[in-house]
Structures are given as structure tokens and as C-alpha cells.
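The values are calculated or read from the model by the stated rules, or taken from the named source; none is laboratory data. In this text the structure is predicted, and so the values were computed from the model without any measurement. All Cβ positions, glycine included, derive from the backbone under ideal geometry; neighbour counts span all protein chains shown.
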Amino acid sequence: MGTFITFPELLMWLPLLAGIVCFFFKKGPAVKSFATAASLVVLAVSVTSLFYADAQFKSYNQVNYVWMKQIGNSLYLGLDSTGRLLTLLTAIAFPVIFIATQKNNYKNPGSFYGLMLLAQAGLMGVFVSMDALVFYFFWELALIPVYFLCSKWGGEKRIQSTFKFFVYTFAGSLLMLAGILYVYMHTPARAYDGGIAAHSFALQSFVNSSLTAPEQNWVFWLFFVAFAIKMPVFPFHTWQPDTYDQSPTSVTMVLSGVMVKMGLFGVIRWLLPVLPEASAHFANIVIILCIIGILYASCIAMVQDNIKKLVAYSSIAHIGLMCAALFSFNELSTQGALIQLFSHGINIIGMWIVVDILERQTGVKNISQLGGVAQKAPVLTIFLVIIALANIALPLTNAFVGEFMMFGGLFSVNPLYALAAGISIILAAVYTLKMIQKAFYGEVVPATSAIKDISFGEKAALFGLVAFIFLFGVMPQPMIDFTKDALKNILAVVQ
Amino acid sequence: MNAIIFSATWGIVMMFSGVFAKSKSTPRWLAIAGIVLLFIVNAIELNNGQPIFFIDAKDMVRINSFNLTFLAVVFGCTLLYFLLCGKDVEKVGEHVGEYFALIFFVLCGVTLVATYNTLLLLFIGIEILSIPLYILTGSDKRNLKSNEAALKYFLMGAFSTGIMLMGIAFIYGANPNASFFINNIDLGTGQLSVMMASGLVFLLISLSFKVSAAPFHFWTPDVYDGAPTVFTSFMATIVKVAAFFAFIRLFENAFGKVHAQWQTLIVVITVATLLIGNITAVFQQSVKRMLAYSSIAQAGFMLLALFALNDRAKEGLVLYSAAYSLATIGIFAILIKMSDYTVEGFNGLGKSQPVLGLTATIFLLSLTGIPLTAGFQSKFYMLLAAVENGHHFWIVIAAVLFAAISAYYYFRVLQAIWFKPVKENVIAAADLTKGFKILLILTAIFIIVLGIYPEILIQWLYH
């Protein structure tokens, strides 16, 4: 006792409460400012939590309330180093999104911003839960607001494509639930005041579960399919391009910047520690799936005319690389994946902000209908070029650090893997530069003739992101230190 | 014990209420008073363990906190049903008092099948429960569909009761103790005798018929669709979960020792029910018919309790009864107010009637099994029970995959509610009183409370 409220609780409750309050707003500007302010408060909390990371502040970082005691479940929230990384990403993402999309006017703004903040609460919950059932709760709950956001405010075919997304992920998470239950039956008993539950859902109990190797092998797939759908990894990716294309862009930012990280986070937090032998056993299959996905997505991105789908496919390629790196089980690639987890979130949100500005001003999303944006909006173009170069992992950008480490790690597993995945960097350069060249340079076309350069809010958001890209591209050491703890924890269980 | 006496007595009171009452709404208020009384009487017995009147039933009924909790759920849901749909019962026809009387007789049957300790009382309970339902199904006399449904239900029901009687006779004959008491059936050791096994299968078939488990479900869609919608709501929820309770009570107490011998049968029935219920529901255009099929699908999930047959399964069954009944009664209460029963009828409900749209959303999310709703907890307990059982883990995977399919048809209604343009004149706004809306909101809140903290219900099982 002694701690009034802990960081994980704050991170989860603040956006939840703010989100509920948003529903009662009637006026658009007021709710915009309120949501932005709320998300900035969450960011402040998240940044503060970084200073309380040491062991002596342990009581600030975890909380454990007995919930359904007969089945050994408790509201067990904790902020460890991996959680800190991802909650920070979530906390940064939302204010940036809110500020950058300030100009977008949504119908029913109260509901829109309310649902956005509820999605943030769900995501935070996923990243701080230390109890499998609570994890599952948040895993699904994060999905519901996003489902409504996409279906209500998305493009023409939003209902079908969002529904495809929902059914995919719902099926995946239910399989994970079956897996959770199976592991649960093999966990040690756990005492609570007044009795003993035969089993427990706590992470520690899951890690200590007594599964035999054959059992692990098939439970692995129950978990992996859920995470693979979320990431997405080939062949579970088919929901993604349509959903990204049809969602309102600010939701796409949440999806691609933060939500796909849920899948990778699931692998780090729940799959590798709970089923280490099976993870090692299937590592090669997973890496090969990832590499197929990387090459396949890169190739499709090259022939995409739709700018949103192009970014979506490039995201599949990046996530695939991170997943492959996580399953290489060496220090270099794991740390690379952790750094890239964060950097990719920043870069992809930057990409989407630019795409959003273009789409809002011109009303088209096809590259072939754009041209000469640079003449009309030079500042926007500069930002885009920097972010795009970070996206293809040019040296001196933040993504380079992570990708370089991941390739290094993959190389030590099998040089062929690194070679195959390395082709994706070349392909990424091809499709990204082609997009820039066609859409931003050349002659001004009718669609782009009325474009205005970006506003102050957009500038501020993009400037923040670009500053981050350079800062950690030139000086990656703070990131490396920041992820060291997380790395140690992951490697400790795997080896 | 008290619930049996009070429900039967109140049924008789209700019969005469139509004769003496001047206003048409008197029977409704009497019925509400009656169900409140039933609930209180039952709650007192659950709380103290002592009935108000004690009658020596020679061990023919056994009362424990498990079946009292279940009855509390049933009476609570019936109260909600009366409050939400009572006015619509009045609209079915002239004989309002009789309708309520029949419902009380059904409740008497429910209490019997929840507490019986002999096969004879099971039979009587099932009959008391079924016969009023045949009448209620056909109560819309001028509607051909209602007539057809009643006849179909009656013929099929009579047939299944016959099978049940034969099963009881077989078991009695094969039982060396020559006893109808379900805990006094000598099953012998090893493989069941042929006569005993066929008796068991006959009982299994007839009870599967009552809970509309595949392949004995064919009556369900037609009967649920043909019956007046208010009564469909009652049949699909309270009556169905009662039949389940009878089912698990019989198979746990009488045949629990040879669980391994009939478990495979249940596996087949469960998977078939899940498959047929879910797949067919996907293709329905009418929400009423979709709910009929979804009730089959939900029955498939409840069958997992029979498959598992452990403590968790019993907790799960009570929780499932509450979660499923609350959500289904709620969604039916909204459906009744509409003139268009197709999915399109729900178009834009979220905009034209925000309260209805929002509560319907919570009911549908609960039926789908989204966390933080009672529906999730009940499904979760069922799955947990099935995993705990230790055999046939694949049935859990099958069940969750079918649950994912169920999202398809529930979410189609959700999409209509929120993402489609408003359809005018579907709902008569005059019917929507403040009380009705508040009640819907309270139901939705209760579903969420139960989803967050299911132990408020489960703790009573061990009271």
C-alpha cells in the first residue's frame, strides 16, 4: 500500500474517462481541443513514468487487484520496459494525430473523438496488462472503437472492408482465447485471501506453466495466428490494404502506427516467454512466412496507384521484417526490432499525415492523378521526402538503426534470409521514390492546382516527427539504452 | 418449493383476472405483482434456506442453492419481460388474462423441471411447461402462420414427449432398484445394458428436442417465426434455458457416473447444433428468424455445459441463462415495436432512436460475446468448463470459430443501426415511453455489470 494510483492505471483510465466525456460534447472545436488536451496529459504521464522506471519505484509501476478470485484472475497491470516503450509510442501517437488532423471536420465530432480516446485506452490496456484474461479483454476492446470509427467515418466501401477486418481479428483473438484457456489449465495453483484458485491467469504463472513440447507446438499456432492477423504477417494480411484504404486517415494512423504493434507486442510478452520451445521450433517457418510477406508486399506496392494502399503494403513489409527479427532470437535483431517498433510507429504516422493532407486538399488518392505538389506546397514536400527516406531506412534516419540491426541479426541466423529481406530495401526505394517523383514533382495537374501549403498545426506535428527521425538517426544511443532492459527480459526467457 | 405453489396459484388468479377486471391493463399489473411476489418468495428461500410453507414432497423435489439461483434468474428475466413487453401481450388478442395465466403455468413447469428428483416429475414438469406454450404459439388466431406454427409445435412436441415417456419406461424397467428417483438408478458397472442405454438415448433425444439442439431443431425456426413475437421472446429465452436446466440436472444426477459413455453423443450434437445454427442464421433476412437460428446457435454453446459436466459448467449455465435471456428479451422488446422485421428495418435506428440503438448495440455485443458484457463471461465460463473437462479440446476450437461466425449476423444488425441511412415510419414513437427506455438502459447496464463482475450471480450458487 502507500501508492495512491500507479502509472499503468493512469495511462489506462485517463483516456477512458476522457473518451466517455467526449461523447457529451456537442460542438466540434470544443471537443477537438478537449481530446487534444487529454491526449497531451496522457503523454505527460507517460513521459513522467520514464523517470520512475527504476526498481525503487516498483510500487508506482504495478498494481494487482483480485478480480474473479475463483478462477484465479486479477486486474494485474504493470509497466515494464517493453510496456513503457509501447505506451510511450501510444501516448505520442494520439496527440500528434489530433494536432495534425485538426483541420478535418468529422460528423458527430463528440463520438469520433470519444471513440478515438477509447481506442487509446484499449491499446494502453493491452500494453500494461500482466494477466492473460485482462490482456484478452483489452485486446478485443481496442478493436471495438476502431470498428465503429472505420465503419462510420470511412470511405465508400467502408462497411464491407471494416467488417472483413473485424471478422478476421475476432476469429484470431477467439483462437487465442482457446489457447489462453489451454495454457491456463496447466498453470500452478494460486492462493488468494480466503481460498485457493486451482489455476491462475497471471503472466508469471503462464510462464511457469507445465506444457509438454507437443502441446506447446499446437498451442503456439493458436496464439500465433491471432498475433499474425493483427500484425499482419503473410498469409493473414488480406484485410489490411482495404481497411487502411477505406478508414478515415486518422484512424489508419492509429491502426498502422500503434495497433499493428499489438501483434508484435503479443509475441514479445505472451508468445516467446510462455511457449519458448515451440517458438524456437517454428522460428524458421515464421521467418520464411515473414520474408515471403516482405517480398510480396513490396512487389505489390511497386505497382500500386492508390497512395494509401501503397503505404499499407509498405507497412506489411516493415512489420514482416520486425516479426522475422523477433524470431531470430539474437541480441542484435531483437534490439533492432524493439527500436524499429518505435521508429516505424513514428515514421508511418508521418507518412499518413502527408497522405491525409493531400487527400483532404485534392480529393484524390491515385498517384497518377497527382503531380507538381512540390511547386505549390514546398514545405509539405520537404517533410514528405524526409519521412519517406526514413521509411526506406536511409542512414542518419531513425529507421536505419533498427533495420540495420535486424538485418545483422537475420544474417547471423541465415545469410539467405538477410539477402532476401534486404531486397525489400531496394524495392522500398523504388516504390517510395517513384511515388514522390510522380505525385510531388513534375507538372502541376488540375487536381493539385488549388493546393495550399500546410498550416501551423500540421507543421508542428510534422516538425516534431522529423526532429525525432533525425535525432535518433544521428544519436541512436538513448534508444539503445532505453530498450536494453526490455531486451534483457526477452532474451532471458528465450535462451 | 414455494415457487411451485405460488406460480400455480397465481396462474389460477390470473385466469379469473380477465373476468373481474374492468380495465384491460389490470391483468398486466396483476401479473407484474405476481412475478415480483414469486421473485421475493424465491429470494427468501435462497437467502434463508427455509421455505415459507413446507410441504413434505417425499423427496420428489430437491431444492438447493443451485436451482434456487437459477429460478431467481428465471423470475428476474420474466419480470423484465413483463415490464418491457407486457403491453404487447395485451395487443395479441382479447384474452389478456389467459395469456398471463398461461405464462404463469409455464413458470410452474419451469420450477418443476428445475427442482425435480424423479423421472415422473420431470415428465409432468415438461408437459406443464409445453402445453401452455402450444396455446400461446397459436394465440394469434387469425394469422395462418401462427396456427401452422402451433400445430407443428404441438405435433412435434407430443411426439418428443412420447419418446421421453418411452425412455423413462425403459430406464425404470432396466433399473434393478425399480425406482423413478433420478439418484437411485443403478447403472451397473462397465458398459450400460442395452435397455438402459436406449432409455438414455431416448431421454437425450427428447430433451434435445426441447432445447432445439440439432438434428432435432427443425421445429424451432418455424415456431419461433410463426408465434406472436412477444411469445417468441418468452419461448426463446426463459423456456429454453429451463429445458437446459432440466437436461443438465437429469444427466448429471442420473447418468453422471457414466459420463464417458454418452459424452461422444453430446459432442456430435453440440457441433451439429453450432454448425447448423450459425451457418443458417447467416442467410436470414428477417431479424426474427435470425434470432430463432441464433437461439439454436446459443444452445450449441450451452450444450458445452453438458459436455463438461463440472462445477464450472454449472456456474456457466446459470450465467449463460441470465446473459442470453437478458440480451434476447431486450432485443426482442425493441423488435416488437417495429413494423418491419427485416434487417433493413433497423436502418438508422442509432440516429432516429439513440437510446434504442445504443441498448440494442449492447445486447448484440453481448450475444456476440465481446468482453465487458455478460455474454462474454458466460461464453468464457462454458469454454473454461469444456477445457477443464480435459477431453476433446478441439470442440473448444470449433466453438470459438462458430462464435466468430456469429459475429457476422449480429453485426449485420449493428451495421444497419449505425451506418445506414434512417428508414422512416418503421417504429411507432408513441409506443416508446420513458419507462420503456429507462428499463432498456437498466438492462444494458446490468449486462455490463454482469460482464465485469459475474461473481455477483455466481456467489449465490454457493450460498
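Among the residues of the range B:398-437, write down those that are within 12 Å of chain A (Cβ to nearest Cβ) and without any contact (Cβ under 8 Å) to a residue 12 or more places away in the chain. I'd like the intermediate steps shown before the answer.
Narrowing the range B:398-437 to residues within 12 Å of chain A (Cβ to nearest Cβ): B:398-412, B:414-420.
Within the range B:398-437, B:L401, B:A404, B:Q415, B:F419 qualify.
For first residues located in the range A:245-256 and in contact (Cβ under 8 Å) with a residue 12 or more places away in the chain, partners that are basic (K, R) and lie 6+ apart or on another chain with Cβ distances below 8 Å form the pairs A:D245/A:K308; A:D245/A:K309; A:D245/A:K365; A:Q246/A:K157; A:Q246/A:R158; A:S247/A:R158; A:T249/A:K308; A:T252/A:K308. In summary, no helices (runs of 4 or more DSSP H) completely within the range B:59-174 bear 3 or more residues that are farther than 30 Å from B:L450 by Cα, at pLDDT 95 or above and not assigned by TED's automatic domain parsing to the domain that holds B:V241.
How many residues are aromatic (F, W, Y), assigned to a helix (DSSP H, G or I) and surrounded by fewer than 23 Cβ atoms within 10 Å (Cβ to Cβ) when one looks only at the range B:384-409?
Within the range B:384-409, the subset aromatic (F, W, Y) is B:393-394, B:402, B:408-409.
Those still in the list that are assigned to a helix (DSSP H, G or I) too: B:394, B:402, B:408-409.
From what is left, the residues that are surrounded by fewer than 23 Cβ atoms within 10 Å (Cβ to Cβ) are B:394, B:402, B:408.
Residues in the range B:384-409 being aromatic (F, W, Y), assigned to a helix (DSSP H, G or I) and surrounded by fewer than 23 Cβ atoms within 10 Å (Cβ to Cβ): 3 in total.
When the residues of the range A:160-187 are filtered to those that are more than 9 Å from chain B (Cβ to nearest Cβ) and closer than 22 Å to A:V63 by Cβ, the one that is surrounded by the fewest Cβ atoms within 10 Å (Cβ to Cβ) is A:T187.
Checking B:I370 against (1) aliphatic (A, V, I, L, M); (2) within 25 Å of the chain's Cα centre (by Cα); (3) within 11 Å of another protein chain (Cβ to nearest Cβ); (4) over 19 Å from B:S325 (Cβ atoms), which test does it fail? All conditions are met except number (4). When B:G277 is tested against the conditions (1) of a type in the set (G, A, S); (2) surrounded by fewer than 21 Cβ atoms within 10 Å (Cβ to Cβ); (3) within 20 Å of B:A386 (Cβ to Cβ), the lone failure is (2).
Quick check: is even one residue across the range B:381-390 of a type in the set (G, A, S), in the same structural domain as B:I438 (by TED's automatic domain parsing) and either over 30 Å from B:A260 (Cβ atoms) or under 18 Å from the mean Cα position of the chain (by Cα) (or both)? Walk me through it before giving the result.
Quick first cut of the range B:381-390, residues of a type in the set (G, A, S) only: B:385-386, B:390.
The next check asks that each one be in the same structural domain as B:I438 (by TED's automatic domain parsing); those that pass are B:385-386, B:390.
Now narrow it down to the ones that are either over 30 Å from B:A260 (Cβ atoms) or under 18 Å from the mean Cα position of the chain (by Cα) (or both): none.
No, the range B:381-390 contains no residue that is of a type in the set (G, A, S), in the same structural domain as B:I438 (by TED's automatic domain parsing) and either over 30 Å from B:A260 (Cβ atoms) or under 18 Å from the mean Cα position of the chain (by Cα) (or both).
Note on the range A:322-410: enclosed helices (runs of 4 or more DSSP H) holding 2 or more residues that are under 18 Å from the mean Cα position of the chain (by Cα) are A:331-362, A:378-391. Within the range B:220-248, the set of residues being in a helix (DSSP H, G or I) and within 16 Å of B:C85 (Cβ to Cβ) comprises B:Y224, B:T229, B:V230, B:F231, B:T232, B:S233, B:F234, B:M235, B:A236, B:T237, B:I238, B:V239.
Counting only helices (runs of 4 or more DSSP H) that fall entirely inside the range A:1-112 and contain at least 1 residues that are within 30 Å of B:I458 (Cβ to Cβ) and of a type in the set (A, V, I, L, M, F, W, C), the qualifying elements are A:7-22. Annotation note: of A:A202, A:A197, A:A228, the sole residue that is buried (at least 16 other Cβ atoms within 10 Å of the Cβ), in contact with a Gly (Cβ under 9 Å, 6 or more places away or on another chain) and within 13 Å of chain B (Cβ to nearest Cβ) is A:A197.
Residue count for the range B:438-459 under the criterion of being aromatic (F, W, Y) and either more than 13 Å from chain A (Cβ to nearest Cβ) or in contact with an Asp or Glu (Cβ under 6 Å, 6 or more places away or on another chain) (or both): the result is 1.
Apart from one condition, A:L141 fits all of (1) within 12 Å of chain B (Cβ to nearest Cβ); (2) surrounded by fewer than 24 Cβ atoms within 10 Å (Cβ to Cβ); (3) out of contact with any Gly (no Cβ under 7 Å at 6 or more places or on another chain); the exception is (3).
Is it fair to say B:A444 is in a helix (DSSP H, G or I) and out of contact with any Ser or Thr (no Cβ under 8 Å at 6 or more places or on another chain)? It is false that B:A444 is in a helix (DSSP H, G or I) and out of contact with any Ser or Thr (no Cβ under 8 Å at 6 or more places or on another chain).
Sub-8 Å Cβ pairs linking a first residue in the range B:442-463 that is over 9 Å from B:A374 (Cβ atoms) to a second residue that is of a type in the set (K, R), at least 6 apart or interchain, are B:E455/A:K69; B:L461/B:K314, ordered by first then second residue. Restricting attention to the range A:433-464, the residues being under 19 Å from A:L394 (Cα atoms) and crowded, with 22+ Cβ neighbours inside 10 Å number 2.
Considering each of A:L85, A:L77, A:L89, A:L115 in turn, give the residue that is within 23 Å of A:S173 (Cβ to Cβ) and within 14 Å of chain B (Cβ to nearest Cβ). Even if it seems obvious, please write down each step before you answer.
On the way: A:L85 fails: within 14 Å of chain B (Cβ to nearest Cβ); A:L77 fails: within 14 Å of chain B (Cβ to nearest Cβ); A:L89 fails: within 14 Å of chain B (Cβ to nearest Cβ).
Testing whether each residue is within 23 Å of A:S173 (Cβ to Cβ) and within 14 Å of chain B (Cβ to nearest Cβ) leaves just A:L115.
Taken over the range B:373-383, residues that are facing another protein chain (nearest Cβ under 10 Å) and part of a loop (DSSP other than H, G, I, E, B) amount to 0. Of the residues making up the range A:150-181, just one is free of Cβ contacts under 8 Å to residues at least 24 places away in the same chain, β-branched (V, I, T) and farther than 30 Å from A:G363 by Cβ, namely A:V167.
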